[in-house]
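Okay, structure first, notes after.
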Amino acid sequence: MSNYSFYMEKGDMKDATEFYVNIIRQAAEENGHTTKIVNSLKEIGKNDVVVTIQAKAWLKAKLLKPGHHTINWYQGIPPEEMDFLIPNRLKYYIWRLAWTIFEILALRFCDFNIFVSEAMQKHFKKKYGYTKDNYFLMPCFNDMLDESTICKEHYENPSFVYAGGLQKWQCFDKTLDLFKKIQEIIPNATLTIFTGAIEQAKAEMSKRGINGEAKYVPYQELNKEMSKIKYGFLIREDNEVNRVATPTKMSSYLASGVIPVFSTVIHDFDKNLECYKYIIGGNNDQMLLAKIIKNEEQCVSICELLNEYKTIFDSYYSRKYYISKFRSFLK
């Protein structure tokens, strides 16, 4: 049996990341292997399988600890993400090129790859000519369904929530613009913002004449707070970063019984989740607004909503399923 060393660089291990990593760890351990989190390459044993969660860390491990079987999880597409992260043009080109090289080498030489969506696999095929079959698809998720949150009182009022940062790529401005349109038609609609940037959120709401609430809630308490709210926003622009992504916010909303309002530019959600009655998807404000209004014209069927969300967590977000699949790969 082998030991699996999960090599984490500074800042790699976050709440959402830990949930995902633990799925892989459990699969390996159920197969009789041992696992450990390491923050230094010196901690990696001679015959360890090395697991990384980004291509830069993979390359570092490959160069400084050659000869190991390697697994890499691609959480996103960093070369394209540089468009939103680095305003300095020189640094932008340097890091975009660097991440492109990291991806090329990882896709070519990594023994096993984990992609978060089919759209990501197609992106790598189109961009780099990646045609191997040494990969597995698993969406990003960090929660399991709490059935106790799904009750009649939860859906009596048209309350909306936005949870997350206010970075440009999170489309907070577009979210507020959409809510403003909703409030013009549904005057009693309310908005709650859970964010660390409270003053900025209040300022942006004030610009639009939105009388909403902005507050910070610790991650451990977030689902409990969200479970009091009917709808949750997940708005994104149509670009390659968002097309290949599977934001954990979707699983957080569903786990708390919150009805997601999402942009169908997120291809994996459009393909796998948009078909459900109590998930509202659309490619523009008009479509989303029409679906919300239609939903508000009728009472939520608690039984139907619960059955839909249970189906999702028994399939698309099934921890048990992904552990089973990983066990077959990690023999």
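Mean residue ellipticity, 222 nm, helices only, the chain: the sum of -39500 (n - 2.57) across DSSP H runs of n ≥ 4, divided by residue count and rounded to 500, is -14000 deg cm²/dmol. The amide H of ALA163, built 1.01 Å from its N in the peptide plane, has PHE194, PHE233 as neighbours under 5 Å, considering only residues 5 or more places off or on other chains.
Applying a DSSP loop filter and a limit of 13 other Cβ atoms within 10 Å to the GluC sites (Glu not before Pro) in region 123-167 leaves GLU156. If I build a Gaussian network model for the chain, linking alpha-carbon pairs within less than 10 angstrom, which residue out of ARG236, ARG25, ARG89 has the largest mean-square fluctuation? Of the options given, ARG89 has the highest mean-square fluctuation. Treating r as the C-beta distance of ALA98 and GLU213 and R0 as 56 Å, the FRET efficiency rounds to 0.85.
In order along region 317-324, the phi-based Karplus estimate (6.51 cos²θ - 1.76 cosθ + 1.60, θ = phi - 60°) of 3J(HN,Hα) comes to 10, 7, 4, 4, 4, 5, 4, 4 Hz; Gly and Pro are listed as x. Residue by residue, region 169-175 carries 3J(HN,Hα) couplings of 5, 7, 6, 5, 4, 5, 5 Hz when phi is fed to the Karplus relation 6.51 cos²θ - 1.76 cosθ + 1.60 (θ = phi - 60°); x denotes Gly or Pro.
In a DSSP loop and with at most 13 other Cβ atoms within 10 Å, the GluC sites (Glu not before Pro) in region 239-316 are GLU297. Note on the chain: with a GNM built from Cα contacts shorter than 10 Å, the maximum mean-square fluctuation among LYS230, LYS320, LYS310 falls on LYS320. Mind checking which aspartates and glutamates have their C-alpha under 15 Å from LYS91, skipping anything on the same chain fewer than 8 residues away? Cross-link targets: GLU80, GLU81, ASP83. Extension gain for LYS168-ASP238 works out to 23.9 nm (0.36 nm per residue, less the C-alpha to C-alpha distance).
Please work out the FRET efficiency for the pair ALA203 and MET1, using the Cβ-Cβ distance as r and a Förster radius of 45 Å; give the result to the nearest 0.05.
For ALA203 and MET1, the calculated efficiency is 0.20.
Database remark: amide H of ILE259 closer than 5 angstrom to the amide H of TYR231, GLY232 (H placed geometrically; neighbours at sequence offset of 5 or more, or on other chains; Pro and chain starts carry no H). Among the lysines, which fall within straight-line cross-link reach of LYS331, defined as a Cα-Cα distance under 29 Å, with same-chain neighbours fewer than 8 residues apart omitted? Correct list for LYS331: LYS14, LYS36, LYS42, LYS46, LYS56, LYS60, LYS62, LYS65, LYS122, LYS125, LYS132, LYS320. Coupling constants for region 22-34 follow from the phi torsions by the Karplus curve (6.51 cos²θ - 1.76 cosθ + 1.60, θ = phi - 60°), and in residue order they are 5, 5, 5, 4, 5, 4, 5, 5, 5, 8, x, 8, 9 Hz; glycine and proline get x. Taking amide hydrogens as placed 1.01 Å from N in the peptide plane, the amide H of GLY281 sits under 5 Å from those of PHE262, each at least 5 positions away in sequence or on another chain.
Every number here is computed from the coordinates shown, using simple stated rules; none is lab data. Computed from a prediction, not measured in an experiment: that's the story for all the values here. Neighbour counts run over all protein chains shown; Cβ positions are idealised from the backbone, glycine included.
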